[in-house]
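Some notes on the structure that comes next.
Just so it is clear, none of the values below were taken in a lab; they were calculated from the coordinates. Fair warning: this is a prediction, and the values are worked out from it, not measured in the lab. For neighbour counting, all protein chains shown are included, and Cβ atoms are generated from backbone atoms with ideal geometry for every residue, glycine included.
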Ligand code: ADP
Ligand code: ZN
């Protein structure tokens, strides 16, 4: 038999697999894990393909095969696809996939003990404690010891004489198997129709995508649960992607109620042991239902049948660091490679998805109303020119009056402002100095709760200075503009009796505290909740009937072509928090631009009008979804050299029809963590293979060390 080569991909910054010779007697399949020499080391890699032996090269040998389950072929395809589409190094995509390397080994084991009830043993007081307080059994010696307040030695001793039975179990236990046939809520007519369409789609076992387009509170979750149940019945795995901060206990409980089992969770805060467990169970096809943040898409599913992207418009599905990709778009690719279905769910779908639904590429499932008698909130605008807040304040009279009426009815108020801290800017009254981050082009934000000045881009923080760092005047620093802390302070002056709390990612810096606060809001223990983006995602506050938006204005900074769309989406979602139970809700939006298309559409409850206007504008300008965008970010430690590199790279752009190149220009954050930055924007016709074009262009330059040229396909951030 002729010797074979194996092409092995390593999880490092490389563009492609490397060739190795397979030693005689070693049988390899694509997807298997091997160790092979690279440089002076032996590294773990994945066999990507196998081919005949080349003639002219002396190849090194694959050293060893690792006894672990191979990655399935569609996972290998998905790695190639992701790398190609996003102009990312293949090895770095593999590295994302191998996010829990310990999962390749069998689970560690641990001994569990349970009482035997054997008669005639001497029961000392400590042993009696084991029986009385050590349960529930079976349990580890350390758990029993802790509960019974004795030493683990006593537990083992009792086992030695036959009082406890020892049993070796894997540490990484299996997940409970979800039951698709438990009954959920009684669905409304439109929910039933929607669910039926989705179930049909899943039944076909073919690639298909549906847009589940339902107003806030229409019960989209209940509807896609039916599709998930169908996939489970077909013995296929289900992945539900949610924005990271939506992975709450309340959310998990809904799964438990519908499927009798909690799903396997996946997010950035998971501990190492839990990551290892989820990865292995997913890889073996035993974890049937996974709920996760975007990176869950790169788990090695064995038999994936359905992906749901909940809140598909959400920008947190875009990963902005390392491999830059959009999990929503890559979900569609992943499903295609596995003959699976995708459901994109949102109350405010992205224009890209809407256009795909309208031209028939996606199935369009619409839920036009909330179940039962619940109505959508009434939205009104407050023109800040007509109703300026008192000097130094940020809440106008109409907001105060509406909040007052709401509180008098015994209902809850939410004030929304997407700005953390007390004030976004600290300025010296004596010399005009603005407090800046030392290594980044951004203002420091004042946080009164912690008494610090913080850079929101890098996390840099320092104690609020007593004097101006520039002119050393004392007590000259003043806070400019509102953050949630300041709005809460102002609300406290208007409503001294009210229980007011803040909800932002700063909330005592820990998810437990945030959850607690959300729960108190749910239980009606908070009168006024002042919140950032944090409060928007999928939470139900039954007593909340009034939402006041402190700053509804469109921030067009940075030239984001989706600024209008984002504003519209956020405000619909925020207003949608009001009036979920049987009480009608209202929302007031403070603005300086009440005439703006997005705000007018909101006030009239006319989504169609906004979409039509926005699509018209995008088509005229050739912007997505009618054209394509890519961004290039050039960065490095020296300002002039970064600018030169950016110019040089721009000049190297291959000539092609249907391409327009803008820049290089200075982005809003021209310096980040000590690195200077320049942006180039590339606009392309729809028909052009923009990924191939960008990869070709990128290959024309090798930046000097410490300098980077990064490609961002379909940029969502314009910082
Ligand atoms: P969406 O994701 O569309 O905003 P959810 O799925 O979170 O909506 O549902 C909103 C609320 O309505 C939840 O509290 C949910 O339990 C409830 N709900 C949804 N469908 C029904 C139904 N058919 N009957 C009763 N309550 C429902
Ligand atoms: Zn000063």
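With viscosity set to 0.692 mPa s at 37 °C, what whole-number translational diffusion coefficient in µm²/s follows for the stretch 252-291 from Stokes-Einstein and a Kirkwood radius over Cα pairs? Estimated via Stokes-Einstein, D reaches 310 µm²/s. Based on the Stokes-Einstein relation at 25 °C and a viscosity of 0.890 mPa s, and on the Kirkwood radius from alpha carbon pairs, the stretch 416-538 is assigned a translational diffusion coefficient of 159 µm²/s.
Treating each Cα of the stretch 627-713 as one equal point scatterer and applying the Debye formula with no solvent, the log10 of I(q)/I(0) at q = 0.18, 0.21, 0.23, 0.27 Å⁻¹ comes out as -0.72, -0.94, -1.10, -1.41. The P(r) of the stretch 356-451 has a tail past 20 Å containing 67 percent of all C-alpha pairs.
Average projection, convex hull of the Cα set of the stretch 109-170: 3.6 square nanometres.
With r as the distance between the Cβ atoms of residue 13 and residue 600 and R0 = 60 Å, compute the FRET efficiency 1/(1 + (r/R0)^6) and round to 0.05.
Working from the Cβ atoms, E equals 0.80.
For the stretch 464-594, the spread of Cα coordinates along the three principal axes comes to 58, 39, 29 Å, biggest extent given first. The alpha carbons of the stretch 4-98 occupy a box of 36, 28, 25 Å along the principal axes, longest dimension given first.
Between residue 523 and residue 461, what length in nm is gained on full extension when 0.36 nm per residue of separation is reduced by their alpha carbon distance?
18.9 nm
Computed over every Cα-Cα pair of the stretch 143-228 and binned at 5 Å starting from 0, the pair-distance distribution P(r) comes out as 2, 10, 15, 13, 9, 7, 4, 5, 6, 8, 10, 9, 2 percent. In nm, what is the difference between 0.36 nm times the number of residues separating residue 620 and residue 592 and their Cα-Cα distance? Residue separation times 0.36 nm, minus the Cα-Cα distance, leaves 7.4 nm.
Here the scattering of the stretch 562-719 is modelled by Debye summation over its C-alpha atoms, one equal scatterer each and no solvent; at q = 0.12, 0.13 Å⁻¹ the log10 of I(q)/I(0) is -0.68, -0.75.
Put the Cα centre of the stretch 112-134 next to the Cα centre of the stretch 463-531 and the gap is 53 Å. Between the stretch 626-642 and the stretch 399-423, the C-alpha centres lie 41 angstrom from each other.
In the stretch 189-367, the C-alpha radius of gyration followed by the widest Cα-Cα span (Dmax) gives 15.0, 45 angstrom. The calculated FRET efficiency for residue 609 paired with residue 364, based on their beta-carbon distance and R0 = 22 Å, is about 0.75.
Assuming R0 = 45 Å, what is the FRET efficiency of residue 696 and residue 513, from their Cβ-Cβ distance, to the nearest 0.05? Numbers along the way, then the final one.
Details: r = 50 Å, r/R0 = 1.10.
With a Förster radius of 45 Å, E is 0.35.
The Rg/Rh ratio for the chain is 1.00, where Rg is the radius of gyration of the alpha carbons and Rh is the Kirkwood radius. Here the extension length gained between residue 470 and residue 540 equals 20.5 nm, from 0.36 nm per residue of separation less the Cα-Cα distance. Calculated mean residue ellipticity, 222 nm, the chain: -9000 deg cm²/dmol, from DSSP H runs (n ≥ 4) at -39500 (n - 2.57) each, averaged per residue and rounded to 500. Would the stretch 421-481 count as rounded, prolate or oblate if I go by the C-alpha gyration tensor, calling it rounded below 1.5 in a/c and otherwise prolate when a/b exceeds b/c, oblate otherwise? The shape class here is prolate.
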